Ligand code: SF4
Ligand code: SF4
Ligand code: SF4
Ligand code: SF4
Ligand code: FES
């Protein structure tokens, strides 16, 4: 059985609990053993580093050291988490910097040795679980659905940090997953752009114009729903969708699914268990289309 | 020699017509996109318009959108472009008005530099040094990335905020402003930091989307420069703005619970102090967030404090210790920095 040190991230344990429950449900079906890092801290999301980059690196060194101590690969379920973890891992390849940082971990007797390779569930599905295994688990192919990918910045940029050269399949991981699950991909310009979430509290109008225009573009290209590996994007695209519609003056009605929810649907897991009833934008039409 | 199809976005200002046109070009191994555009212009359609000059990634004229991403066409080989999409789609840069075909009006882009006053403001009241102004090697190494900009506009063209806000200073001008904030010969460091954190469209409006870092052909790392400006501005005490408050509220929440507290963020960004002292503008801003909160409540997303998951008790203790340790270390550093600053001032003054 494949085992992972699992960092759910704050949002999956806060405003997007459906991401957490659907991840656990899918992992169980796939026989993945997730050991949750209960003592780990928020990645800082690039916001702690706005004022305190050093502090953010210490917090992430600690999380990565915990995964090393368990001798397990680190799994994230948030584009932002994986991006921030990988940036920290990149900076901490510098031995001198690592020594300086490690000195804050010494009181608990842990040390970051520099070996972590944080990955997102989406990559793990394609790289570890594999297409054949996923295929064998599909009970209800999503043939009726046209799905727009929405990546979230940190799982597609900067490419160097994400090791795209060594893993070219990471470039279009969402399209691949959509394809394996039997649905049709709707491509649109906004799919790799920013949802605007980071500036929601500092510049709401700009933030919602971004979210709204991507939603509008995907909707007008015929998407039935979007799927995202980022719960922060989910907050801006789902919870803020009614406000975004007002800001751009269009009518929007586009359900936003988390990656494991989509997996779960194809694997025949009960929508209630996947938290699909807990969205702001109603998923009922989508489920009707699938006949569930 | 192989045939390669290019789909070029065209615009004719005389008829106000936009259309796509396909061209097949015989390409040699190693040939660049700009070579191919020249081939089209010389051999197939002399009316095709685009900017170019140096052909060596120096002048910054030839940035265009290639398969959706902005880059220098003289620096990009056809093979590399094909890997990202075949046929290769070439269009004008984004976020600027198109003049003709692949030529955009760069006025707005250039005005951002003027607005940010990205030129050296020397110390007027000090005698210039006898020989030259000295800059420490380690210091220059730290910010030299931001000095290599060729003003090609690729970053601005892909910037997600520039796409929705004309007022945003944009990645290149902000990176250049950073370059002068860091330059020991410049006398306006404090004024710059204040302006960049308080002006509309300044450092706090960036979404941290990495588009500019990905697009830049010169590794200027504009976003990294903006992030460092934020840290410098907070350190310099420019904290009476949404961005700095957001940082402080976020970090404070993580210190307490080990995790982000989304429910408290709007309150903190608007400013607890402003709310408590009854500032009307603060209450108006708060009302702005209320519809979102009510919707979350309806979809059972807004959790009670007890349901919101913090780090384990043991984890929380360790996280708090780390926060406090780093904080107290910073104060030590401040003392060091002051001493260093004094030494530095004399060094650059040349006396
Ligand atoms: S990045 Fe977001 S979800 Fe991830 S740990 Fe931090 S706040 Fe939480
Ligand atoms: S798209 Fe938005 S929430 Fe998602 S990673 Fe980018 S900035 Fe963050
Ligand atoms: S990181 Fe900031 S400056 Fe750079 S492209 Fe994104 S929003 Fe624009
Ligand atoms: S920062 Fe880079 S992409 Fe932007 S104008 Fe300068 S060289 Fe071009
Ligand atoms: S032609 Fe000068 S940079 Fe490309």
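The values are calculated or read from the model by the stated rules, or taken from the named source; none is laboratory data. Here the structure is a predicted model, which means the values were calculated and not measured. In this analysis, Cβ positions are derived from the backbone assuming ideal geometry, glycine residues included, and neighbour counts consider all displayed protein chains.
Things to note:
- Just one residue in the set A:88, A:61, A:65 is under 26 Å from residue A:229 (Cα atoms) and within 19 Å of the chain's Cα centre (by Cα); that residue is A:88.
- Within region A:79-96, the set of residues being free of Cβ contacts under 8 Å to residues at least 24 places away in the same chain and assigned to a helix (DSSP H, G or I) comprises A:95, A:96.
- Failed criterion for residue B:215 (all others in (1) modelled with pLDDT under 95; (2) in contact with a strand residue (DSSP E or B) (Cβ under 7 Å, 6 or more places away or on another chain) hold): (1)
- Matching residues, region A:192-204, being touching a helix residue (DSSP H, G or I) at 6+ places or on another chain (Cβ under 6 Å), more than 7 Å from chain B (Cβ to nearest Cβ) and more than 16 Å from ligand 1 (Cβ to nearest atom): none
- Scanning region B:165-206 for residues that are within 14 Å of chain A (Cβ to nearest Cβ) and not in a helix (DSSP H, G or I) returns B:165, B:166, B:167, B:168, B:169, B:170, B:199, B:200, B:201, B:202, B:206.
- For region A:160-169, the condition holds for at least one residue, the condition being that it is more than 17 Å from the chain's Cα centre (by Cα) and over 14 Å from residue A:123 (Cβ atoms).
- Residue list for region B:140-161, filter: within 10 Å of the chain's Cα centre (by Cα) and not in a helix (DSSP H, G or I): B:159, B:160, B:161
- Of all the listed residues (A:181, A:162), the sole one being within 13 Å of chain B (Cβ to nearest Cβ) and touching a residue at least 60 places away in the same chain (Cβ under 8 Å) is A:162.
- Filter result for residue A:169 (closer than 25 Å to residue A:64 by Cβ, within 15 Å of ligand 2 (Cβ to nearest atom) and either within 14 Å of chain B (Cβ to nearest Cβ) or in contact with a strand residue (DSSP E or B) (Cβ under 6 Å, 6 or more places away or on another chain) (or both)): no
- The residues on offer are A:291, A:222, A:268, and the sole one that is touching a strand residue (DSSP E or B) at 6+ places or on another chain (Cβ under 8 Å) and surrounded by fewer than 19 Cβ atoms within 10 Å (Cβ to Cβ) is A:222.
- In the set (1) away from ligand 4 (no atom under 15 Å from the Cβ); (2) modelled with pLDDT of 95 or more, the condition left unmet by residue B:177 is number (1).
- Residue within region A:25-32 that is in a strand (DSSP E or B) and modelled with pLDDT of 95 or more present: yes
- In the set A:224, A:189, only one residue is more than 16 Å from ligand 4 (Cβ to nearest atom), on the phi < 0 side of the Ramachandran plot and facing another protein chain (nearest Cβ under 10 Å); that residue is A:189.
- Condition broken by residue A:60, with the remaining ones in (1) within 14 Å of chain B (Cβ to nearest Cβ); (2) surrounded by 15 or more Cβ atoms within 10 Å (Cβ to Cβ); (3) in contact with a strand residue (DSSP E or B) (Cβ under 9 Å, 6 or more places away or on another chain) satisfied: (3)
- Test: residue in region A:85-94 that is more than 23 Å from residue A:271 (Cα to Cα), touching a helix residue (DSSP H, G or I) at 6+ places or on another chain (Cβ under 6 Å) and within 16 Å of ligand 3 (Cβ to nearest atom): yes
- Selection status of residue B:130, more than 13 Å from chain A (Cβ to nearest Cβ), more than 16 Å from ligand 5 (Cβ to nearest atom) and either touching a residue at least 24 places away in the same chain (Cβ under 8 Å) or touching a strand residue (DSSP E or B) at 6+ places or on another chain (Cβ under 9 Å) (or both): yes
- Pick from region B:53-93, criterion more than 15 Å from ligand 5 (Cβ to nearest atom) and assigned to a loop (DSSP other than H, G, I, E, B), ranking: modelled with the lowest pLDDT: B:84
- Filter result for residue B:96 (assigned to a strand (DSSP E or B) and either away from every other protein chain (no Cβ under 14 Å) or within 16 Å of ligand 4 (Cβ to nearest atom) (or both)): no
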